[in-house]
Amino acid sequence: MQPILSVHNLNKYYGNQVGCKNMNLTLYPGEVVGVVGESGSGKTTFINSISGNLIPDSGKILIETGNETIDFLEISESLKRLLIRTELAFVHQNPRDGLRLDVSAGGNISERLMSIGQRNYGNIRQTIFKWLDKVEIDKSRVDDFPRTFSGGMLQRLQIAKNLVTSPKIIFMDEPTGGLDVSVQAKILDLLRKLVRELNLSVVIVSHDLAVIRLLADKIIVMKNGEAVESGLCDQVLDDPQHSYTQLLVSSVLQV
Amino acid sequence: MIELNKITKKFTLHNQGKTNILVFNNLNLKINPGEIVALTGPSGVGKSSILKMIYGNYVFQSGQIKINNHNIDHTYPRNIIELRKNIIGYVSQFLRVIPRVPTIEIVMEPLLEINSDQDEVREKAEKILLKLNIDKNLWNLSPLTFSGGEQQRVNVARGLIRNYPCLLLDEPTASLDSVNKDIVLNLINEKKDSGSSIIGIFHDEYSRKYLNAREIDITKISDAK
Amino acid sequence: MNNVLKFKNKKNTVAAQDEIYNFAYLDENTKRMIRRALIKALCIPGYQVPFSSREMPMPYGWGTGGVQVTSSCLTTDDVIKVIDQGADDTTNAVSIRNFFKKTANIKTTEKTSQASIIQTRHRIPEEKLKEKQILVYQVPIPEPLAFLEPRYQETKKMHALSEYGIMHVKLYEDITKNGHIETAYAYPVKTNDRYIMDPSPIPKFDNPKMNNNPAIQLFGAGREQRIYAIPPYTEVTSLDFEDYPFDPSKAPHKCSICGSNESFLDEIITDDDGNRSFICSDTNYCNQRMENN
Ligand SMILES: Nc1ncnc2c1ncn2[C@@H]1O[C@H](COP(=O)(O)OP(=O)(O)O)[C@@H](O)[C@H]1O
Ligand SMILES: [Mg+2]
Ligand SMILES: [Zn+2]
């Protein structure tokens with residue numbers, strides 16, 4: 001099997017300040033990679049740099065589409081944006097950043113469909129209902145505006161909006177941050193199901209080790225912009241080798 | 001077939017003055033297909049650690065672990081993920097699940113990895129839950145609120161719903177009453193008879209004898225401590 | 001195209017015109033700048049070309065964009081017609097016509113067929129336009145994506161990369177809310193199968209007239225400083241869904257003056273009891289039909 005995404009020696013600086021440096025990642029189809037670390041450790045910089053939100057200073061990002069290997073940092077901006085709205089998806093921590101608040105729930109879900117050329121209202125509507133169902137939003141809310149939704153519903157709507165075109169790689173930055181614990185659980189459960197059902201490949205950032213333990217197959221532990229340890233998720237959390245990971249696990253994780 | 005050759009395992013506690021704890025030195029072990037090995041020895045001697053190394057959950061510093069001729073190699077996490085998906089099953093001591101997920105789905109999950117026919121998988125999950133005396137009314141509830149014994153049986157159901165060539169069992173009968181214990185032991189025997197290599201930790205003599213397990217006292221096969 | 005290209009070498013000073021103005025008000029440098037923008041716009045149908053809009057002796061919103069485009073196109077031989085919502089005799093139309101009479105001393109007409117340049121606000125004449133005629137639209141908001149994407153740089157990119165999914169979101173919302181596409185004015189079009197374009201607030205009834213039209217169509221937005229164009233015989237399609245096709249139909253009434261049931265109608269209240277009647281919005285069309293009968 002070929003990795004669907006591989007990142008090699010990626011660096012991103014903000015002036016002299018390190019955003020993230022010397023980062024590597026291999027993501028296979030159907031795999032979830034978690035990125036953990038304390039606030040300011042470079043998680044967001046890293047996920048933004050590999051998803052097209054930020055332009056890294058150096059490094060290589062290869063995306064396997066099935067037919068060809070795409071050198072993500074070398075392709076034209078138009079191809080890059082096309083990839084971003086078809087094969088890739090980005091779920092923001094704050095759903096308001098990923099949704100159009102003045103467009104109905106259904107309209108939000110429809111956008112990616114229409115941007116890949118779907119022009120049949122009836123079919124689009126059907127797809128919207130299917131996805132509302134998948135993310136457990138009542139169908140009767142389809143024409144309501146997102147501003148009338150709760151935080152958890154907004155996040156589920158954002159997930160539907162992003163997944164509707166069956167992208168191959170999903171990036172998520174703290175998708176359950178800022179939500180109540182019970183709402184979090186529901187979203188984690190939803191994500192788990194979708195990952196298996198759609199064979200999604202996911203890079204997920206979180207400072208919450210419990211979230212990563214439940215979702216991720218592999219993990220990258222970041223500190224000061226660098227990966228201090230990476231590997232099989234449960235192995236790194238249960239038998240951490242690096243002193244920082246040991247500290248992180250002992251102070252945060254009491255599962 | 002599970003093979004451990006010349007395994008060294010130590011823990012280095014970086015934040016406690018770099019203390020080194022040597023758990024195993026030159027550990028050798030082999031479990032053949034159709035065989036059950038029961039690890040024995042006082043608590044803290046490293047019984048669970050052996051299972052965790054085989055499962056890829058713990059690293060080891062030197063030596064070799066082979067599962068049906070595949071190396072457990074942490075430089076390639078993907079390979080371990082594949083082995084877990086296809087070859088190694090593991091029933092842990094404690095049930096670890098996402099809150100709110102119904103019992104039936106938790107049991108179905110390992111089988112869905114290789115079979116996408118929801119109905120067929122659900123049927124199998126129902127069958128094993130019935131066998132393990134988990135009340136039908138509980139199937140759609142999260143097991144997190146269940147009693148210890150019920151949780152353990154859900155865990156067993158999840159681990160045994162598939163036929164893994166290699167099976168790791170960490171105290172699968174610890175909190176079960178005698179009726180349910182026999183049911184679980186019978187299930188394990190079925191796996192053995194179908195050719196699985198099984199290694200487990202069983203706290204009671206009764207279970208080990210029932211399974212006709214080859215007992216191995218860890219203190220005798222490792223040089224450490 | 002001849003009309004547009006021929007000014008370059010023409011001396012535009014005429015004795016009879018009011019001497020305090022340059023021909024057609026704008027100075028020659030400005031006209032050259034605008035013509036360059038026009039030619040670029042014609043080369044890339046539907047693409048919005050920025051230009052530096054001049055102060056005109058009328059406020060924004062009164063057709064300053066259209067007037068600058070017209071001014072830059074005018075030659076001494078031109079015959080100009082100005083309409084506002086189809087009518088030649090509204091205050092706005094009359095004052096723009098007078099403006100060009102005064103500053104360019106050229107012939108004016110109300111007859112669509114006799115005009116070489118027609119400046120319009122919110123309508124396309126009913127009578128079919130011909131080759132070598134120029135239709136100049138006054139445009140308030142040139143950016144069709146503006147309603148959902150306020151950032152100019154971003155809309156520019158969206159045009160460049162044909163990222164137009166969002167346009168259909170608007171139509172989707174329309175159908176969802178109203179059961180059909182409710183948009184009746186400024187109905188978005190795709191030009192030459194490439195750029196999505198705002199046709200200015202003409203009724204959707206007029207949209208089909210833009211398609212494959214023999215005349216040159218120029219669009220000027222003064223406040224927003226944009227020029228765009230449709231060259232003759234260019235494909236212009238209105239956005240829609242397969243199962244909700246574009247429908248240019250109008251109210252099913254007849255003109256109560258000329259009896260036409262093919263022209264776009266204005267609804268007027270005829271008395272204090274609120275009785276209504278419908279008359280052609282294109283006054284020249286209506287008058288011609290009456291004369292011919
Ligand atoms: N836009 C920026 N400009 C300058 N420094 C930044 C910017 N964004 C992040 N940083 C710095 O880069 C480092 C990594 O930040 P970030 O990627 O946001 O970490 P995390 O997501 O793990 O909290 C921090 O030192 C942070 O202060
Ligand atoms: Mg962050
Ligand atoms: Zn009439």
>> Apply the a/c threshold of 1.5 to the C-alpha gyration tensor of chain B and tell me whether it is rounded, prolate or oblate.
In response: prolate
>> Please list the three semi-axes, largest first and in whole Å, of the ellipsoid equivalent to region C:252-293, using sqrt of 5 times the eigenvalues of its alpha carbon gyration tensor.
In response: 20, 10, 8
> Which three lengths, in whole Å and largest first, does chain A cover when its Cα atoms are put on their principal axes?
Replying inline: 55, 43, 37
> What is the log10 of I(q)/I(0) for region B:97-225, computed with the Debye formula using one identical point scatterer on each Cα and no solvent, at q = 0.10, 0.14, 0.18, 0.22 Å⁻¹?
Replying inline: -0.34, -0.65, -1.00, -1.35
> Can you give the accessible area buried between chains B and A, summed over both chains, with a 1.4 Å probe, in Å² to the nearest 100?
Replying inline: 2300
> At what distance in angstrom do the alpha carbon centres of region B:100-166 and region A:189-255 lie from each other?
Replying inline: 25
> How much net charge surrounds residue B:151 when only other residues with a Cβ under 13 Å from its Cβ are counted (Lys, Arg +1; Asp, Glu -1)?
Replying inline: +1
>> So if I average 1/r over every pair of distinct C-alpha atoms in region A:70-131 and take the inverse, what Kirkwood radius in Å does that give?
In response: 13.3
> Where both residues lie in chain C, what percent of DSSP beta bridges are antiparallel, nearest 5?
Replying inline: 60
> Picking from A:128, A:47, A:55, which is most flexible by a Gaussian network model of chain A using Cα springs under 10 Å?
Replying inline: A:55
> Once amide H atoms are built 1.01 Å from N in the peptide plane, which residues 5 or more positions from residue A:231, or in another chain, come under 5 Å H to H?
Replying inline: A:219
>> Antiparallel versus total DSSP beta bridges in the protein assembly as shown: what percent is that, nearest 5?
In response: 55
>> I'd like the distance between the alpha-carbon centres of region A:122-179 and region B:16-43, rounded to an integer number of Å.
In response: 48
>> Can you return the lysines within cross-link range of residue B:181? Criterion is Cα-Cα under 17 Å, with same-chain partners fewer than 8 residues away left out.
In response: B:131, B:191, B:192, B:209
> What Rg and what Dmax come out for region A:101-166 when only alpha-carbon atoms are used, in angstroms?
Replying inline: 10.7, 31
>> I need the phi-derived Karplus couplings for region C:236-248: 6.51 cos²θ - 1.76 cosθ + 1.60, θ = phi - 60°, integer Hz, Gly and Pro marked x.
In response: 10, 10, 8, 5, 6, 10, 3, 8, 9, x, 4, 10, x
> Out of residues 5 or more away from residue A:201 or on other chains, whose amide H comes under 5 Å of its own, with H placed 1.01 Å from N in the peptide plane?
Replying inline: A:30, A:170
> Hey, how many Å between the Cα centroid of region A:54-84 and the Cα centroid of region A:3-27?
Replying inline: 14
> Once you put a point 7 Å from the Cα of residue B:212 and another 7 Å from the Cα of residue C:27, both along the Cβ direction, what distance in nm separates them?
Replying inline: 10.8
> Among the aspartates and glutamates, which have Cα under 12 Å from the Cα of residue A:168 when same-chain residues fewer than 8 positions away are ignored?
Replying inline: A:31, A:64, A:87
> For chain B, modelled as a Gaussian network with Cα springs under 10 Å, which listed residue fluctuates most, B:103, B:12, B:40?
Replying inline: B:12
>> Output wanted: per-residue J couplings in Hz (rounded whole) for region B:36-41, from phi through Karplus 6.51 cos²θ - 1.76 cosθ + 1.60, θ = phi - 60°, x for Gly and Pro.
In response: 10, 10, 10, 7, 10, x
> Say R0 is 25 Å: what FRET efficiency, to the nearest 0.05, do residue B:140 and residue B:163 get from their beta-carbon distance?
Replying inline: 0.45
>> Regarding region C:7-152, what's the average projected area of the Cα-atom convex hull, expressed in nm²?
In response: 9.5
> Between residue A:196 and residue A:126, what length in nm is gained on full extension when 0.36 nm per residue of separation is reduced by their alpha carbon distance?
Replying inline: 22.9 nm
> Averaged over all directions, how much area does the convex hull of the C-alpha atoms of chain C cover when projected, in nm²?
Replying inline: 16.9
> So what's the protein assembly as shown giving for Cα Rg divided by 2.2 N^0.38 Å, two decimals?
Replying inline: 1.33
>> I need the helices of chain C that pass two filters: whole DSSP H segments spanning 18 Å or more by Cα along the axis, and mean Kyte-Doolittle score no lower than -1.0.
In response: C:28-43, C:91-104, C:165-178
>> Please compute the per residue accessible area over region B:99-165 with all protein chains in place, 1.4 Å probe, rounded to a whole number of Å².
In response: 49
> Considering the alpha-carbon set of region B:95-163 alone, what are its Rg and its Dmax in angstrom?
Replying inline: 10.8, 31
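The values are calculated or read from the model by the stated rules, or taken from the named source; none is laboratory data. On a predicted model such as this, the values are computed, not experimentally measured, just so you know. Here Cβ is always computed from backbone atoms with ideal geometry, including for glycine, and neighbour counts include all displayed protein chains. Ligands, DNA and RNA are excluded from the accessible area calculation, which covers all protein heavy atoms including side chains. Shrake-Rupley method; radii C 1.70, N 1.55, O 1.52, S 1.80 Å.
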